[in-house]
Amino acid sequence: MEKLTVDADGKITIPPEVIQKRGLHPGDELSLVESAEGLLVYQGGVDDKTSAWWNSLDQEQRLLAETDARRYESLSEHDRDAIWNEDADSIEAEAERDEIDLPTK
Amino acid sequence: MRLALSRPPTILQVEAANSYAYIATITNRLYITEQTSNILKRRTPTFAAPILADTRPLKKARYLRRWARRLTEFGFSSEDAIVLAYGSFGLDVESETVGVDAIITTDIRLADRYKQRNPEINNRFNDMITNLPEAYRQIRLPQVLTTATILTFV
């Protein structure tokens, strides 16, 4: 984590090693987000892990991914929520039958 | 999904993906709930396989739901309460370990509520596990951290 100092004009200077490491160039746009943790600076683009996954896909897999993404995008908010609420766990006592005992040591 | 459509990720997605990538470098104990695992298994393998390969599903140990019901008394929704309860009563069958060190969420309000009510939650939790069989006395409460907090560790 880097510590930055705000100058009298409200500007901050990003250390040159971070500029180099992140491949930033003059004119590049960064997003400043106010969150509970403070101000966060985001660089656009895709993280290395996601890039590595995408680059590992062949043409056919990318096409399948694109088709599925388009299908998902065409769903209504209600239908998307339904997907993520499939098999939602009940917290009621009647549902406790699938709970398992901890192994005794 | 956005990548497949040649669109840049949203800021929330950048935050989540970067914190996930960081966490994956510091631990090989990444868990998801059974529900998430089941949902992912029904999705296109192209998207789901990398996450399923990195993570293990937790099983519900006895008393998970009882603790979830207690948590709803602190204002958590039943969906959030189940996830929080997995943090204590989620069982990794393979390693026979129970609970997790931290639950990572993009939900700032959930993390705030958990932090603010933590002394009361802690008391309620201790009251409950004191009355459980011996094997459950080792169980602990997890931390709840936001993805933004994780990025401050990088």
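The values are calculated or read from the model by the stated rules, or taken from the named source; none is laboratory data. What you see is a predicted model; the values in this text were computed from it and never measured. Backbone-built Cβ (ideal geometry, glycine too); neighbour counts: all protein chains shown.
Worth a mention:
- Checklist (1) in a loop (DSSP other than H, G, I, E, B); (2) at the interface with chain B (Cβ under 10 Å from one of its Cβ atoms); (3) within 21 Å of the chain's Cα centre (by Cα); (4) surrounded by 10 or more Cβ atoms within 10 Å (Cβ to Cβ) applied to A:Leu40, failing item: (1)
- The residues of the stretch B:20-34 that are assigned to a helix (DSSP H, G or I) and over 29 Å from A:Glu60 (Cα atoms), listed by number, are B:Tyr22, B:Ile23, B:Thr25, B:Ile26, B:Glu34.
- Within the set A:Val6, A:Val33, the sole residue that is closer than 19 Å to B:Thr106 by Cβ, of a type outside the set (Ser, Thr, Tyr) and either at pLDDT 80 or above or touching a Leu at 6+ places or on another chain (Cβ under 7 Å) (or both) turns out to be A:Val33.
- Single condition B:Ile32 does not satisfy, out of (1) under 16 Å from B:Ile103 (Cα atoms); (2) more than 9 Å from chain A (Cβ to nearest Cβ); (3) at pLDDT below 95: (3)
- Residues of the stretch B:42-65 that are over 17 Å from B:Gln138 (Cβ atoms) and in a helix (DSSP H, G or I): B:Pro45, B:Thr46, B:Phe47, B:Ala48, B:Ala49, B:Pro50, B:Ile51, B:Leu52, B:Ala53, B:Asp54, B:Arg65.
- Which numbered condition B:Arg66 fails, given (1) touching a residue at least 40 places away in the same chain (Cβ under 8 Å); (2) over 26 Å from B:Val98 (Cα atoms): (2)
- Scan of the stretch B:1-19 for residues that are in contact (Cβ under 8 Å) with a residue 60 or more places away in the chain and facing chain A (nearest Cβ under 9 Å), ordered by number: B:Glu15, B:Asn18
- Selection of the stretch B:98-120 for residues being surrounded by fewer than 21 Cβ atoms within 10 Å (Cβ to Cβ) and assigned to a helix (DSSP H, G or I) yields B:Ile108, B:Arg109, B:Leu110, B:Asp112, B:Arg113, B:Lys115, B:Gln116, B:Asn118, B:Pro119, B:Glu120.
- Figure legend. Inter-residue proximity from the stretch B:89-117: first residues more than 18 Å from B:Thr152 (Cα to Cα), second residues crowded, with 17+ Cβ neighbours inside 10 Å and among the acidic types (Asp, Glu), beta-carbon distance below 6 Å, spacing 6+ or different chains. Indicated pairs: B:Leu110/B:Asp80.
- Of the numbered criteria (1) assigned to a helix (DSSP H, G or I); (2) more than 23 Å from B:Ala17 (Cβ to Cβ); (3) at pLDDT 95 or above, the one B:Ala135 fails is (3).
- Check on A:Asp89, surrounded by 12 or more Cβ atoms within 10 Å (Cβ to Cβ), within 12 Å of chain B (Cβ to nearest Cβ), free of Cβ contacts under 8 Å to residues at least 12 places away in the same chain and acidic (Asp, Glu): yes
- Where a residue in the stretch B:36-55 is farther than 19 Å from B:Val83 by Cβ and its partner, wherever it lies, is surrounded by 15 or more Cβ atoms within 10 Å (Cβ to Cβ) and among the aromatic types (Phe, Trp, Tyr), with Cβ under 6 Å and at least six apart: B:Pro50/A:Trp53
- Candidate set: the stretch B:80-97, residues that are within 7 Å of another protein chain (Cβ to nearest Cβ) and either in contact with a strand residue (DSSP E or B) (Cβ under 7 Å, 6 or more places away or on another chain) or assigned to a helix (DSSP H, G or I) (or both); chosen: the one nearest to A:Glu99 (Cα to Cα): B:Leu91
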